[in-house]
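Trainee: Got a structure for you, written out below as structure tokens; questions coming shortly.
The values are calculated or read from the model by the stated rules, or taken from the named source; none is laboratory data. Just so it is clear, the model here is predicted, and its values are computed rather than measured. We place every Cβ from the backbone using ideal geometry, glycine too, and count neighbours over all the protein chains shown.
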Amino acid sequence: MRKIVHIDMDAFYASVEQRDDPQLRGRPVIVAWTGNRSVVCAASYEARKFGVRSAMPAVRAERLCPDGIFIPPDFTRYRAVSQQTREIFRRHTDLMEPLSLDEAYLDVTENKTGLPTATRVASTIREQIRLELNLTASAGVAPNKFLAKIASDWRKPNGLFVIQPEEIDAFLAPLPVGRLPGVGKVTEDRLEKLGVKKVSDLRGLDLAILESRFGRYGLRMYELARGIDNHPVVPNRPTQSISAEDTFEHDVPLAETEPMIRRLSEKVWSASRKESRIAHTVVLKLKTSEFKILTRSHTPDVPPSCCEELTDIALALRDRVDAAPEQRFRLVGVGLSNFRDDEDAPQPSLF
């Protein structure tokens, strides 16, 4: 039985800005570049009360929170603070798997400080972050990664939640299936047509039905509904790619995919800003109504430096798809790959 801790820094970028500028404390801070195509990188909890969220278009955030204070992101500073948090993590375990600059999994089945429980380890880490970095973090403790990540979100901000092994079934049963990783809006709608809204409903479906309807992910849902996740914490795993995809409600011609490509590009760009390395390749994925998958990729001489550049490349990749006028598409995806440590590469002007 593993003991896994998931640490998630609270509104990380915005909290760093509020920490470093006392005049921002208690005020609605929105970390985003200016411009019609910019997206929100982070929002303080004061701004979240107005409905502002990460990956939201900045113009929409401005409408929701007209008194919000917009600050351009400073990723050099955020990466430095992230490194300080990781140094704290390593005091307790070498089995640390960062997911982004602001969150990480820790396997503390055996910890380096001799603390008796994983809960004590999580509490100590949160206290050290508070005292040494003047920031807050939320933590989840559970027997596996999937449950620990759900738990860390349970009492945000600045909270700690523990799921004991004997509590797994009771904890999961009433959750909406949308809380399971990988269950997006489309999958959620498909499950609802099968009479599944909660995890307890999902447990009532046979594995054979799930696999016939959802392929390999059917097995994954079957296991998650029962709290099963055997993925280990893998330290020093570099990000290979970041992507987002979505299925259209109705199959559409190629020309009508642009709005979805723009939305997915914003989502991918926002996620990529949490990485310490730089992506060099843009990937576009399309699935036809006949379930044939088409991919196009491009590696520009200079990596995309803003969401607008990523979007333009993704749309240019779409133009490379040779599709008949009657061809329809059911899914589109946008991704970034080929991540590298580019310390010597020219830095984009927006940084």
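Trainee: If we scan segment 69-78, do we find a residue that is more than 21 Å from W154 (Cα to Cα), at pLDDT 95 or above and in the same structural domain as L160 (by TED's automatic domain parsing)?
Mentor: no
Trainee: Follow-up question, since we're still on this one. Which condition number in (1) exposed (fewer than 13 other Cβ atoms within 10 Å of the Cβ); (2) in a strand (DSSP E or B); (3) among the aliphatic types (A, V, I, L, M) is the one that L286 fails?
Mentor: Tallying (1) exposed (fewer than 13 other Cβ atoms within 10 Å of the Cβ); (2) in a strand (DSSP E or B); (3) among the aliphatic types (A, V, I, L, M), L286 fails exactly one: (1).
Trainee: If you check A323, A314, which single one turns out to be in a helix (DSSP H, G or I) and either under 28 Å from D102 (Cβ atoms) or touching a helix residue (DSSP H, G or I) at 6+ places or on another chain (Cβ under 7 Å) (or both)?
Mentor: Values: A323 fails: in a helix (DSSP H, G or I).
So the residue among A323, A314 that is in a helix (DSSP H, G or I) and either under 28 Å from D102 (Cβ atoms) or touching a helix residue (DSSP H, G or I) at 6+ places or on another chain (Cβ under 7 Å) (or both) is A314.
Trainee: Another one. Would segment 57-72 turn up any residue that is in contact (Cβ under 8 Å) with a residue 40 or more places away in the chain, surrounded by fewer than 21 Cβ atoms within 10 Å (Cβ to Cβ) and in a helix (DSSP H, G or I)?
Mentor: Within segment 57-72 (the criterion being in contact (Cβ under 8 Å) with a residue 40 or more places away in the chain, surrounded by fewer than 21 Cβ atoms within 10 Å (Cβ to Cβ) and in a helix (DSSP H, G or I)), the answer is no, since none of the residues qualifies.
Trainee: Might you check whether a residue that is under 18 Å from the mean Cα position of the chain (by Cα), closer than 30 Å to F214 by Cβ and of a type in the set (V, I, T) occurs anywhere in segment 326-343?
Mentor: yes
Trainee: Where in segment 183-245 are there helices (runs of 4 or more DSSP H), lying fully within it, with 3 or more residues that are surrounded by fewer than 16 Cβ atoms within 10 Å (Cβ to Cβ)?
Mentor: 185-193, 207-214, 216-224
Trainee: Within segment 316-334, can one find any residue that is in contact with a Gly (Cβ under 9 Å, 6 or more places away or on another chain) and at pLDDT 90 or above?
Mentor: No, segment 316-334 has no match at all.
Trainee: Scan segment 127-154 for residues that are in a helix (DSSP H, G or I) and either closer than 23 Å to D229 by Cβ or among the hydrophobic types (A, V, I, L, M, F, W, C) (or both) and jot them down.
Mentor: I129, L131, L133, K145, F146, L147, A148, K149, I150, A151, S152
Trainee: Another one. Taking E245, is it among the acidic types (D, E) and under 21 Å from the mean Cα position of the chain (by Cα)?
Mentor: Numbers: among the acidic types (D, E): yes; under 21 Å from the mean Cα position of the chain (by Cα): yes.
For E245, the condition - among the acidic types (D, E) and under 21 Å from the mean Cα position of the chain (by Cα) - is met.
Trainee: Among the residues in segment 90-104, are any surrounded by 19 or more Cβ atoms within 10 Å (Cβ to Cβ), among the polar types (S, T, N, Q), within 22 Å of K156 (Cα to Cα) and touching a Leu at 6+ places or on another chain (Cβ under 9 Å)? Talk me through it step by step, then tell me what you get.
Mentor: Going residue by residue through segment 90-104, those that are surrounded by 19 or more Cβ atoms within 10 Å (Cβ to Cβ) are 92-93, 95-98, 101-104.
With the extra rule that they be among the polar types (S, T, N, Q), the set shrinks to 93.
Next, from what is left, pick out any that are within 22 Å of K156 (Cα to Cα): none.
No; the residues of segment 90-104 include none that is surrounded by 19 or more Cβ atoms within 10 Å (Cβ to Cβ), among the polar types (S, T, N, Q), within 22 Å of K156 (Cα to Cα) and touching a Leu at 6+ places or on another chain (Cβ under 9 Å).
Trainee: I need every pair where a residue in segment 141-155 that is under 13 Å from P181 (Cα atoms) has its Cβ under 9 Å from the Cβ of a residue that is assigned to a loop (DSSP other than H, G, I, E, B) and of a type in the set (D, E, K, R), sequence separation at least 6 or different chains.
Mentor: What qualifies is K145/R2; K145/D229; F146/D229; L147/D229.
Trainee: Restricting the search to segment 102-126, which residues are aliphatic (A, V, I, L, M) and either in a helix (DSSP H, G or I) or touching a strand residue (DSSP E or B) at 6+ places or on another chain (Cβ under 8 Å) (or both)?
Mentor: A104, L106, V108, A118, V121, A122, I125
Trainee: Please work out which residue is surrounded by the fewest Cβ atoms within 10 Å (Cβ to Cβ), limiting yourself to segment 289-301 and to residues that are in a loop (DSSP other than H, G, I, E, B) and without any contact (Cβ under 8 Å) to a residue 12 or more places away in the chain.
Mentor: D301
Trainee: Follow-up question, since we're still on this one. Please verify whether segment 40-47 includes one or more residues that are farther than 26 Å from T311 by Cβ and more than 20 Å from the chain's Cα centre (by Cα).
Mentor: Yes, segment 40-47 contains a residue that is farther than 26 Å from T311 by Cβ and more than 20 Å from the chain's Cα centre (by Cα).
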